[in-house]
Each structure stands twice: as C-alpha cells, then as structure tokens.
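Shown next, in structure tokens, is the structure this report addresses.
The values are calculated or read from the model by the stated rules, or taken from the named source; none is laboratory data. Bear in mind that the values here come from a model prediction, so they are computed numbers and not experimental data. Backbone-built Cβ (ideal geometry, glycine too); neighbour counts: all protein chains shown.
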C-alpha cells in the first residue's frame with residue numbers, strides 16, 4: 001500500500017451526543033455541531049425516540065434476517081408505502097445503508113453492455129456500483145448539461161440502441177450545488193437514457209414540501225434516498241415504478257443478501273416523515289434556506305468565493321490540505337465542529353471546510369464562525 005501523506009491519514013474520533021445540536025468530546029468539550037447531516041434537527045425529537053423505543057419493546061432490537069427470509073416487519077412495509085405515496089412513486093424498497101442502495105440502483109440500471117454518464121462529483125458509492133457492473137464510464141463536467149448533451153448526442157449518432165444511464169446527485173454532498181434537474185431529465189428522455197438521481201441530501205429540506213428536487217419531474221428512472229440525514233434515523237431506500245422495484249426485489253444482491261434494516265430505525269423514520277409533512281415543517285425549511293443565504297452573503301462580504309448552491313451544505317475552499325486542517329483545529333478550539341474535507345473525497349487541490357447548517361442555530365453562530373475564519377483573499 002502506497003504511503004499516505006500525513007495530512008491524508010484519517011483517524012476515528014468519538015463524540016457523545018448529549019444535547020441537540022452539540023457533540024461532546026470524551027474529555028468534556030462541547031462543540032457546536034456544523035458537521036453532521038441532521039439538517040432538520042430531528043435526531044433528538046421525542047417523537048422519533050418514542051417510536052424507536054416502542055418498536056424495540058414490541059419486536060426486539062434487530063430484524064434477524066434478510067427481508068426475503070424472516071426479517072420483513074410491519075415497520076418496513078408501513079414506511080415503504082408511506083414514502084412511495086409521499087414521493088408519488090409506485091414502490092419503495094428499504095436498504096440498510098445508502099451505500100448499499102446506490103450500488104443496488106446502479107446494478108438495476110446498468111450492465112457490462114451499458115455506457116454510464118456520471119457527473120464528475122458523484123458519491124463514491126455510485127462509482128463503486130458502476131465498477132461492479134462492468135459498464136463503461138464517461139464522466140461529464142460537474143453540473144454541465146451542455147457537456148452531457150454533447151456526449152449523449154455523440155453516442156446516439158453512431159448507436160441508436162446502446163443502453164445509456166445517467167447518474168447525478170440533486171444536492172451534491174460535499175459542495176452543496178445542484179444541477180437543473182428538470183433539464184437533466186429532459187435530456188435523458190430525448191436520448192433514451194435511464195436516469196438515477198441521488199436525492200440523499202435534498203429530501204426533507206429541498207423542493208416543494210421537502211420532497212426533493214426531482215419530485216414530479218418525468219424521466220427519472222430511480223430515486224435514491226437516505227434515512228440517515230434529514231430523517232435523522234438510519235438506512236436508505238430506492239423509489240421506482242413497479243417494474244424496476246420488482247427487478248430489484250428479484251435480482252439485487254444488495255437487497256436480498258443482507259439483514260434487513262433495524263425495525264426501530266424504520267419506525268423512527270416514519271415519525272420523521274410525519275413531521276416533515278406537518279405545516280410547520282415548511283416554516284423550518286424556509287428558516288433553513290434563509291440562514292443558508294445569510295451565510296453565503298456573509299462569506300462573500302468577507303472576501304470568500306460564494307459557495308455554490310443555495311441549500312444548507314456549503315463548501316469553503318481552502319485548496320491546501322494543511323490549511324483546511326489548521327482551520328478545522330482553530331474552529332474546534334473555539335467550540336465549533338466543522339470538518340476539513342480532503343482528497344480523495346474531493347479532487348486534488350480542492351481541500352475545503354464543509355459546513356452543514358440546521359434550524360435554530362445560536363444567534364451568534366455565524367459571527368463566531370467568521371471571527372475564526374477571517375477574511376478571504378479578496379479582502380486579505
């Protein structure tokens with residue numbers, strides 16, 4: 001194994017989640033959490049906790065087996081039906097993790113005869129899925145639909161029957177940008193390509209009623225979603241039409257040969273979904289969007305490049321690994337947890353701080369953050 005640069009080595013750290021929005025270190029330091037993906041702040045809601053406890057009290061901790069053996073529980077079926085109705089999809093299947101769901105999604109749409117066009121910044125799990133299928137991969141420039149169209153047109157000019165798959169995220173997990181999903185889906189219809197849209201970071205917080213940026217748009221073959229972010233639980237799901245879902249059920253090793261999602265996590269996610277559908281959830285989403293806009297405006301005023309996108313995920317690019325790690329350390333010393341994201345998670349020379357906002361941050365949070373971050377190159 002090639003030796004890693006010191007700043008590239010990762011270490012596991014333990015945090016204790018005592019109070020909402022904060023993580024404590026084992027030595028007792030309390031850190032304001034701007035790193036986690038609990039973007040609606042639901043992880044400590046009593047409704048979710050009560051639902052999980054009730055499920056465990058009734059049926060035990062785990063499912064004990066695959067869904068196709070003896071592991072399917074009422075909590076699974078209830079959540080799948082509710083998610084399908086919410087997203088206006090014919091069927092949903094649950095998976096124990098987002099990584100598994102994405103591998104299963106790619107395998108359902110592509111094989112060794114396929115050509116996959118993937119946004120340059122898609123999640124690692126999707127790339128692993130592509131490699132596993134043996135499909136040929138072509139990357140298109142990040143959120144650049146003109147580049148994608150040129151590539152689609154080129155292949156269709158010589159092969160009208162080639163199996164084509166396009167893969168993108170709706171809200172990119174590291175930098176917070178989004179493609180024009182409607183235009184993306186229109187391209188896929190025009191060139192007869194199947195579209196896999198990873199909505200993991202958008203569901204619950206983006207789009208009308210938090211249903212994601214692909215909701216109601218024709219041409220999206222599969223939607224991948226997670227229950228471990230805005231839903232504040234665990235596991236993941238794929239939403240599809242009945243035929244694609246049945247194909248997943250019958251052929252997907254990632255679904256068939258794994259112990260089912262813990263029923264207590266499904267029960268908690270069900271409660272999260274109910275909270276997302278409540279009228280006050282729209283007010284929370286509006287507050288979150290307003291906060292994200294304020295952060296972007298302030299960063300720009302301080303001379304930093306405006307982070308792309310308009311959701312709660314923001315990338316503050318520092319280029320060098322060492323600079324990003326040093327800033328992470330300074331922020332933590334000031335009581336704020338923000339993680340430095342370095343290659344290979346992001347491309348070389350694009351190390352960054354990843355900020356993940358949530359509702360009801362302390363009033364002085366942004367001021368505290370900027371006091372440590374300081375001015376960008378434009379004002380330095």
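Scanning segment 125-155 for residues that are under 24 Å from the mean Cα position of the chain (by Cα), over 20 Å from residue 181 (Cα atoms) and touching a residue at least 12 places away in the same chain (Cβ under 8 Å) yields 125, 128, 129, 130, 132, 133, 135, 137. Restricting attention to segment 336-359, the residues that are within 26 Å of residue 42 (Cα to Cα), in contact with a strand residue (DSSP E or B) (Cβ under 6 Å, 6 or more places away or on another chain) and part of a loop (DSSP other than H, G, I, E, B) add up to 1. Looking only at residues in segment 269-308 that are touching a residue at least 24 places away in the same chain (Cβ under 8 Å) and touching a strand residue (DSSP E or B) at 6+ places or on another chain (Cβ under 8 Å), the one that is surrounded by the most Cβ atoms within 10 Å (Cβ to Cβ) is 307. Pairs linking a residue in segment 163-182 that is not assigned by TED's automatic domain parsing to the domain that holds residue 149 to a residue that is modelled with pLDDT of 95 or more, with Cβ atoms under 7 Å and 6 or more positions apart or on different chains, do not occur.
What residue, among those in segment 245-268 that are surrounded by 21 or more Cβ atoms within 10 Å (Cβ to Cβ) and in contact with a strand residue (DSSP E or B) (Cβ under 7 Å, 6 or more places away or on another chain), is nearest to residue 201 (Cα to Cα)? Per the stated criteria, the residue is 266.
Just give me the residues in segment 15-50 being exposed (fewer than 12 other Cβ atoms within 10 Å of the Cβ) and at pLDDT 95 or above, in sequence order.
Kept after step one, since they are exposed (fewer than 12 other Cβ atoms within 10 Å of the Cβ), are these residues of segment 15-50: 18-19, 26-28, 46.
The answer is 46, and nothing else.
The lone criterion from (1) farther than 30 Å from residue 317 by Cα; (2) in contact with a strand residue (DSSP E or B) (Cβ under 8 Å, 6 or more places away or on another chain) left unmet by residue 161 is number (2). Scanning segment 249-266 for residues that are over 21 Å from the mean Cα position of the chain (by Cα) and assigned to a helix (DSSP H, G or I) gives 249, 250, 251, 253, 256, 263, 264.
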